[in-house]
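Below: the structure, in structure tokens.
The values are calculated or read from the model by the stated rules, or taken from the named source; none is laboratory data. Bear in mind that the values here come from a model prediction, so they are computed numbers and not experimental data. Positions of Cβ are backbone-derived with ideal geometry, glycine not excepted, and every protein chain shown enters the neighbour counts.
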Amino acid sequence: MEILMSILIGFLFMAAIYLILSRSLLRIIIGTGLLSHGTHLLLLTMGGLSGKAAPVLAEGITDYVDPLPQALILTAIVISFGVTAFSLVLAYRTYKELGTDNMDLMKGTEDND
Amino acid sequence: MINLLLFPVLIPFLFAAILLFFPKKVKAQRITVMIGLLLALASAIVLLIKVKTDGVQTVTLGSWAPPFGITMVSDMISVLLVLSSLLIAIFVVWYSYTSIGEDREKAFYYPAIMFMLTGVNGAFTTGDIFNMFVFFEVLLMSSYVLIVLGGEKVQLRESIKYILVNIVSSSLFVITVGYLYSVVGTLNMADISIKLEEIGQSGIVTVIAVLFLIVFGIKGAIFPLFFWLPGSYSAPPVPVLALFGALLTKVGVYAIMRTYSLFFTTDVGFTHELLMVISIITIVAGCIGALAYFDVKQIIIYNIVIAVGVILFGASIMNDSGMLGSIFYLIHDILIKGALFLLIGIVIKITGTSDLRKMGGLMRRYPVLGWSYLVAAFGLAGIPPLSGFVGKLLVIQGGFEEGHIWQSVFILASSLIVLLSAIRIFIYAFWGAEKVVHTISPKTYRHLLAPAVTLVALTVLYGVGSEYLVPFMSDAATVLLDPSVYTDAVFRGVK
């Protein structure tokens with residue numbers, strides 16, 4: 001199961017990096033979204049995928065999953081949600097002000113100000 | 001159990017929340033933000049005295065026993081950094097009154113500063129590695145707001161890149177924390193330190209150490225990860241630049257110092273050697289940048305990179321004088337970079353350009369500005385008895401003690417280049433024929449000059465009075481060099 005998850009995480013990272021390296025701003029933001037999805041899955045996998053029951057203490061439950069990675073993922077999801085929302089708004093504003101979403105045209109060199 | 005150490009984190013947070021309610025009332029904003037900062041500063045001073053007399057202070061949130069609950073730890077280095085970040089914020093806010101413009105003040109400028117301070121102070125204070133990530137995000141989120149506030153074209157262009165770099169590095173941070181958790185099964189920094197000591201030297205720990213260096217290196221602008229810094233930092237207006245330049249990279253540097261002294265002490269031969277090599281290359285890269293530009297902002301920005309190299313070199317030596325010097329230099333650099341950015345802000349305001357070749361002859365009409373810039377430049381280069389001297393002397397002394405002769409010589413040589421780059425600004429901007437096109441009213445000039453000159457005076461005091469600071473600094477170095485002081489303090493109530 002861990003192997004399968006690792007492959008999935010690697011695939012997500014690969015797609016994320018491909019998208020981040022592209023020119024269009026929107027693709028880049030989608031790429032960062034995928035990157036954080038991969039990160040969250042990785043956190044889950046790092047806690048180990050053993051354990052049968054939910055981490056709620058009740059009678060007769062001894063084999064439960066590690067609750068900590070889930071708490072971490074929850075925090076990380078909220079943060080990445082906020083950051084993605086902010087960068088989408090920023091991308092829209094940038095597009096309106098600069099009239100382009102092409103990163104090649106945003107280099108900030110002397111002939112490209 | 002004492003909650004005192006939470007006040008420097010909570011007071012800015014509370015005041016930021018209050019400030020959100022009346023963004024259009026500029027006067028009220030200005031007064032409220034200053035009250036908040038002074039209260040936070042007072043609490044930090046009380047905390048400093050408390051830490052000095054009673055040792056490391058800890059509080060575990062919700063009273064969960066330490067490895068399980070989130071621990072906040074205030075040792076000497078963290079309280080010193082908290083204190084100096086609040087000081088810088090006070091001067092920047094004071095300077096902002098005349099410099100930033102009402103449009104930005106009405107657009108949540110002060111709340112963003114207060115939220116950023118929450119993040120910065122929290123990152124300095126936390127004793128939990130995941131909580132550090134959260135505080136990093138708090139300060140980054142507010143820095144996104146500050147860097148883009150105003151919405152000029154260049155700001156929008158550069159902030160996109162700044163945000164992208166930080167999103168990627170934050171993802172790396174979470175990944176690294178995940179790896180570390182899978183190895184040690186804990187997130188409490190004191191507990192990680194103990195567990196890693198038990199594990200001993202192993203390949204995976206070294207990999208994690210290098211990953212942490214990459215993560216914090218992106219924030220702290222070490223070679224080759226500083227590529228984003230010059231572009232992004234030159235975009236926002238000067239007060240924001242001063243705040244970023246003085247504080248944000250230092251958070252990354254602090255995190256490297258903390259993790260490399262508390263966690264990764266088992267394979268010093270590799271990890272700290274790597275850190276040392278990188279810090280030397282960082283200095284060289286910074287020197288090249290500082291000499292290459294005619295833009296005053298860029299020159300000082302590249303000086304940040306040089307300072308990061310010097311601080312990390314001191315930390316990588318891992319002996320008494322090296323660590324002591326590194327802490328001295330860290331605090332010095334926070335103060336002096338703040339002062340320099342505020343001063344060149346005035347120069348830019350007067351001349352209306354940041355290009356050195358278009359400036360000249362300011363000395364005749366603005367002598368106070370010229371002389372205080374000269375003092376700050378000498379302080380930056382480390383001419384005794386000014387503030388940079390003691391730190392650099394101790395760092396180099398530490399280097400010689402451990403036999404790192406070449407590296408120490410590099411740092412000595414870099415001081416000359418720092419001096420040259422800073423004096424170049426002095427020569428171009430203050431000497432020569434007058435080329436001033438803009439003139440600012442004497443009142444604005446006085447209002448801008450007051451905080452900058454006070455801050456320069458403070459750095460002079462820091463240098464001259466370093467004798468009195470030694471007890472504080474050596475306390476800080478002791479905690480960094482001996483992790484057991486830190487871990488004992490955290491687990492005091494438990495074992």
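Can you tell me which of B:Tyr179, B:Tyr95 is assigned to a helix (DSSP H, G or I) and within 19 Å of the chain's Cα centre (by Cα)?
Values: B:Tyr179 fails: within 19 Å of the chain's Cα centre (by Cα).
After applying the criteria, what remains is B:Tyr95.
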Apart from one, (1) of a type in the set (Gly, Ala, Ser); (2) more than 30 Å from B:Ile194 (Cα to Cα); (3) within 26 Å of the chain's Cα centre (by Cα) all hold for B:Ser74; the odd one out is (2)
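Looking at B:Phe216, B:Phe173 in this structure, which one is buried (at least 24 other Cβ atoms within 10 Å of the Cβ), within 14 Å of another protein chain (Cβ to nearest Cβ) and in a helix (DSSP H, G or I)?
Numbers: B:Phe216 fails: within 14 Å of another protein chain (Cβ to nearest Cβ).
Answer to the check: B:Phe173.
Only residues that are more than 17 Å from the chain's Cα centre (by Cα) and either buried (at least 24 other Cβ atoms within 10 Å of the Cβ) or β-branched (Val, Ile, Thr) (or both): list them for the range B:236-259, please.
Result: B:Pro236, single match.
When the range B:56-69 is examined, which residues are found to be more than 24 Å from the chain's Cα centre (by Cα) and assigned to a loop (DSSP other than H, G, I, E, B)? Before the answer, list the steps.
Applying the first criterion (more than 24 Å from the chain's Cα centre (by Cα)) to the range B:56-69 yields B:59-69.
Those that are more than 24 Å from the chain's Cα centre (by Cα) and assigned to a loop (DSSP other than H, G, I, E, B): B:Trp64, B:Ala65, B:Pro66, B:Pro67, B:Phe68, B:Gly69.
For the range B:238-308, please list each of the helices (runs of 4 or more DSSP H) lying entirely inside it that holds at least 3 residues being over 22 Å from B:Gln407 (Cα atoms) and not charged (D, E, K, R). Outline the logic, then answer.
Details: elements: B:238-243, B:249-262, B:268-292.
So the answer is B:238-243, B:249-262.
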Taking the range B:124-158 only, how many residues are assigned to a helix (DSSP H, G or I) and of a type in the set (Asp, Glu)?
2
Every pair of residues 6+ apart whose Cβ atoms lie under 7 Å, when the first sits in the range A:75-99 and is within 9 Å of chain B (Cβ to nearest Cβ) and free of Cβ contacts under 8 Å to residues at least 12 places away in the same chain while the second is of a type in the set (Asp, Glu) and part of a helix (DSSP H, G or I):
A:Ile79/B:Glu137
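Taking the range A:1-56 only, how many residues are touching a strand residue (DSSP E or B) at 6+ places or on another chain (Cβ under 6 Å) and of a type in the set (Gly, Ala, Ser)?
Applying the first criterion (touching a strand residue (DSSP E or B) at 6+ places or on another chain (Cβ under 6 Å)) to the range A:1-56 yields A:23, A:51, A:53, A:55.
Of the ones still in play, those that are also of a type in the set (Gly, Ala, Ser) are A:51, A:53.
The qualifying residues number 2.
Given the criterion modelled with pLDDT of 80 or more, more than 26 Å from the chain's Cα centre (by Cα) and surrounded by fewer than 17 Cβ atoms within 10 Å (Cβ to Cβ), identify the matching residue among A:Tyr95, A:Tyr64.
On the way: A:Tyr95 fails: more than 26 Å from the chain's Cα centre (by Cα).
Going through A:Tyr95, A:Tyr64 in turn, just one is modelled with pLDDT of 80 or more, more than 26 Å from the chain's Cα centre (by Cα) and surrounded by fewer than 17 Cβ atoms within 10 Å (Cβ to Cβ): A:Tyr64.
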Only listed residue being farther than 19 Å from B:Ser321 by Cα and either of a type in the set (S, T, N, Q) or in a helix (DSSP H, G or I) (or both), chosen from B:Val453, B:Val470:
B:Val453
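Just for the range A:6-65: of the residues that are β-branched (Val, Ile, Thr) and without any contact (Cβ under 8 Å) to a residue 12 or more places away in the chain, which one is nearest to the other protein chains (Cβ to nearest Cβ)? Steps first, answer last, please.
Step one: list which residues in the range A:6-65 are β-branched (Val, Ile, Thr), which gives A:7, A:9, A:17, A:20, A:28-30, A:32, A:39, A:45, A:56, A:61-62, A:65.
After this cut, where a residue has to be without any contact (Cβ under 8 Å) to a residue 12 or more places away in the chain as well, the list is A:7, A:30, A:56, A:61-62.
On the way: A:Ile7: 16, A:Ile30: 12, A:Val56: 17, A:Ile61: 19, A:Thr62: 18 Å.
The residue in question is A:Ile30.
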Is it fair to say B:Leu335 is of a type outside the set (Gly, Ala, Ser) and crowded, with 24+ Cβ neighbours inside 10 Å?
yes
